[in-house]
Each structure stands twice: as structure tokens, then as C-alpha cells.
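The structure appears below as C-alpha cells.
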Amino acid sequence: MTATATTDDLEFYRRELTGYCYRMLGSAFEADDAVQETMLRAWKAADGFEGRSSLRSWLYRIATNVCLDALRGEKRRALPMDLGPASPPVESYMRPQPAEDLWVTPIPDSRVVPDHGDPAEIAAVRESVRLAFVTALQHLPPRQRAALILCEVLKLPAAEAAGVLDTTVASVNSALQRARTTLAGLPEHQRPGTVEPENAELLAKFVDAFQRYDMDALIVLLRDDALQTMPPFEMWVQGASAITAWMTEPGPSLCAGSILVPVRANGVRAWAQYKPDPEQGGFAPWALQVHEVTDGKIGRMTFFLDAERLFPLFGLRDRIFDDR
């Protein structure tokens, strides 16, 4: 590393490295750890960097090795629809919660999306951290995953990606072909489809319907084949009528009267859901909702119920009081 490669030089790449590690690992928390390890390895190896590649490529090579180390022997992260069929919208179908480290987790836009720059490039970054895309990536073996992200998301030439992966151009091209084939062969409900630009009117109607817990108003905002997942529970339901029926089950119906606080997660508008807390008063953290819109309606609804870890990650309060 040259004398001009300062801490600021390395920190300049933190956000895009976080995005890369997040796509590789499927966890905001593991991505942060991987970037920290990348920076540590970079400083320890500083004397061995002689400028034969760009600083950016060198950091990506280190980050790739960190991610591949982290993925060695680990089960892939997933969302509930990757593990089994949809369930009837009946509370008795709630399955025991699996291990915490099984699930893909959301990530704040502030960790991975640039604050400024070319609008088209920012839109591309948002698209590449969508939940559906990141979850689909987890179906790929780690080196295929890395090749796809490096070449198709980060737009590295195959020769540069080969240098990052310490392999040949032919191997990179082969990995890309296998990765594309795998993604194309996923069932429709696991495949990342085209997501439209944010529809402010639709999202405002969703917030209004959910906060009033008006199922008649909510159902018309959902695609007929919409799906809802609720990590860390394995259960998921599919279909607008099934989703609204599920929400009126005894347990879910306790969400009536919730308040939604807007945040940005995985490149889209999302919401922190605070549920009424009759015992302690006010509204307590309950879920981080990250949804995706297709064909003018909501197609995927993901309610992450690990509020204890996720709300601090997004800088959210641990309790609010309604001033409406």
C-alpha cells in the first residue's frame, strides 16, 4: 500500500464493501463484521500491497476471502418460502422458531446505498440489495455467488473478477453461466422479479389501511398471489385473501392499532411497526416490515419480528407514545 493510502482511503470503500458482504452473507450483522475483518486484514497486509491492482480490487479480494471463510461449512440463509410450502392462514400452523442465524436479515439503506451520485447508479444499487434478490443469491454456491455479484452487480470485467477470485477468466465465465442457470430455475415464489419504482400513493394507502387494521382496504392493495413471511417463524402464507385472513387470527389481530414509522431498508420504503402495549403503555417495537411492489400492488410482505436486534440497527426508539 502506498503512503497515500490512508484510513480515509480505506473508509471511502466501506459502504460499497458492506453492500458486497451483505449480498454474499445475507445478514446485516455479519456484513458489518466481515467489513471490519476486511479492514483489519488490509492494514496487516499493507506492506505486501505494491499497487499491482487498484486499491478497490485489492479490498474486494480481501473481502471475498473473508466472506468465503465465513460461508465455509455454514448453512445458507433463507426466508421462509425457501424452506417449504405455504401454510393455511391459521395460527395453529405456527412452527417452532429455528436458529436465529438461519434467516436473511434486512439492512438499512444508509449502510449500503450512496447518499449522492448518478441517479441511475443509485437505483441500480437499491435494486441489488432488494430482499428477493439477496435471498435468491443465497441459493448459489459461494464462489458462484461472488462471481455473479462481482460481474453483474459491480460490473467488474471478467479479468478483474478473476483476479479478485484468484482464478481464471474461463472459470469466472463458467461460474457465471451456472449461477444464471440456477437463478432461472428457481420456483417463481423464490425468484426475484421486476420491482417498480416507489408508488407514493400506494404506500400511503397501505400505511392508512394497516394502521386502521382495515382488511377490506388492505386486500385491494395486494396482488392476488402476494406472499407474507414472518421470520423467525417458518410459516408463510400466500394470496391476498389468505394474508388478510391470517391478520385476523387471534394472535395477529393484536397488531390492530399499531403505528408505522417510515424507514429505508433494502432499497425500498419500509416501516418499523410499534404495537400497542397495554401493560406498560405506549407502543413497543414489534416488527420491521419490508415489502416489495409489482404491477402496481404489493407482492411480497416480510415482517421481521426480531425487533430487539433490528430496531437498534435502524436507530429506532425502544418505545413511542402516540401523539395523533
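The values are calculated or read from the model by the stated rules, or taken from the named source; none is laboratory data. What you are looking at is a predicted structure, and each value in this text was computed from that prediction instead of being measured. Backbone-built Cβ (ideal geometry, glycine too); neighbour counts: all protein chains shown.
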Looking only at the stretch 63-86, which residues are outside any loop (DSSP other than H, G, I, E, B) and surrounded by fewer than 19 Cβ atoms within 10 Å (Cβ to Cβ)? Asn65, Leu68, Asp69
Looking at (1) under 17 Å from Asn65 (Cα atoms); (2) surrounded by fewer than 21 Cβ atoms within 10 Å (Cβ to Cβ), which one does Leu150 not meet, given that it meets all the others? (2)
Within the stretch 114-138, which residues are closer than 26 Å to Asp101 by Cβ, outside any helix (DSSP H, G or I) and out of contact with any Asp or Glu (no Cβ under 7 Å at 6 or more places or on another chain)? Val129, Gln138
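Under 25 Å from Tyr93 (Cα atoms), touching a residue at least 24 places away in the same chain (Cβ under 8 Å) and aromatic (Phe, Trp, Tyr): does that describe Phe206? Spell out how you get there, then give the answer.
Numbers: under 25 Å from Tyr93 (Cα atoms): no; touching a residue at least 24 places away in the same chain (Cβ under 8 Å): yes; aromatic (Phe, Trp, Tyr): yes.
Answer is no for this residue.
Any residue that is assigned to a loop (DSSP other than H, G, I, E, B), of a type outside the set (A, V, I, L, M), buried (at least 16 other Cβ atoms within 10 Å of the Cβ) and touching a residue at least 40 places away in the same chain (Cβ under 8 Å) - is there at least one of those in the stretch 293-306?
Going through the stretch 293-306, the residues assigned to a loop (DSSP other than H, G, I, E, B) turn out to be 295-296, 305-306.
Checking the rest, the ones that are also of a type outside the set (A, V, I, L, M) come to 295-296, 306.
Those still in the list that are buried (at least 16 other Cβ atoms within 10 Å of the Cβ) too: 306.
With the extra rule that they be touching a residue at least 40 places away in the same chain (Cβ under 8 Å), the set shrinks to 306.
Within the stretch 293-306 (the criterion being assigned to a loop (DSSP other than H, G, I, E, B), of a type outside the set (A, V, I, L, M), buried (at least 16 other Cβ atoms within 10 Å of the Cβ) and touching a residue at least 40 places away in the same chain (Cβ under 8 Å)), the answer is yes, since at least one residue qualifies.
Suppose we filter Thr194, Thr181, Thr229 for residues that are hydroxyl-bearing (Ser, Thr, Tyr), closer than 25 Å to Val104 by Cβ and free of Cβ contacts under 8 Å to residues at least 40 places away in the same chain; which single one remains? Give the steps one after another, and end with the answer.
Working: Thr194 fails: free of Cβ contacts under 8 Å to residues at least 40 places away in the same chain; Thr229 fails: free of Cβ contacts under 8 Å to residues at least 40 places away in the same chain.
On inspection, the qualifying residue turns out to be Thr181.
Kindly establish whether Ser57 is exposed (fewer than 15 other Cβ atoms within 10 Å of the Cβ), of a type in the set (Ser, Thr, Tyr), in contact (Cβ under 8 Å) with a residue 40 or more places away in the chain and assigned to a helix (DSSP H, G or I). Break it down into steps so the answer makes sense when it comes.
Numbers: exposed (fewer than 15 other Cβ atoms within 10 Å of the Cβ): no; of a type in the set (Ser, Thr, Tyr): yes; in contact (Cβ under 8 Å) with a residue 40 or more places away in the chain: yes; assigned to a helix (DSSP H, G or I): yes.
No, not satisfied.
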Enumeration of residues in the stretch 72-97 that are in contact (Cβ under 8 Å) with a residue 24 or more places away in the chain and either under 17 Å from the mean Cα position of the chain (by Cα) or closer than 18 Å to Gln190 by Cβ (or both): Lys75, Arg76, Arg77, Ala78, Leu79, Pro80, Met81, Asp82, Leu83, Gly84, Ala86, Ser87
Quick one: is Leu288 touching a residue at least 40 places away in the same chain (Cβ under 8 Å), in a strand (DSSP E or B) and surrounded by fewer than 20 Cβ atoms within 10 Å (Cβ to Cβ)? no
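I'd like to check which helices (runs of 4 or more DSSP H) are fully inside the stretch 161-249 and have at least 2 residues that are buried (at least 17 other Cβ atoms within 10 Å of the Cβ) and assigned by TED's automatic domain parsing to the domain that holds Arg126. Walk me through how you get there before you give the answer.
Details: elements: 169-184, 200-212, 215-219, 240-247.
Passing ranges, in order: 169-184.
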Residues in the stretch 87-108 that are farther than 20 Å from Pro252 by Cβ, touching a strand residue (DSSP E or B) at 6+ places or on another chain (Cβ under 7 Å) and surrounded by fewer than 21 Cβ atoms within 10 Å (Cβ to Cβ) total 2
Counting only residues in the stretch 150-160 that are assigned to a loop (DSSP other than H, G, I, E, B) and hydrophobic (A, V, I, L, M, F, W, C), the one farthest from Thr229 (Cα to Cα) is identified as Leu156
Can you list residue pairs whose Cβ atoms sit under 8 Å apart, with the first residue in the stretch 266-280 being assigned by TED's automatic domain parsing to the domain that holds Glu292 and farther than 23 Å from Leu203 by Cβ and the second being among the hydrophobic types (A, V, I, L, M, F, W, C) and part of a strand (DSSP E or B)? Count only pairs 6 or more apart in sequence or on different chains. Asp277/Phe283; Asp277/Ala284
Out of everything in the stretch 256-268 that is part of a strand (DSSP E or B) and at pLDDT 95 or above, what residue ends up being surrounded by the fewest Cβ atoms within 10 Å (Cβ to Cβ)? Pro262
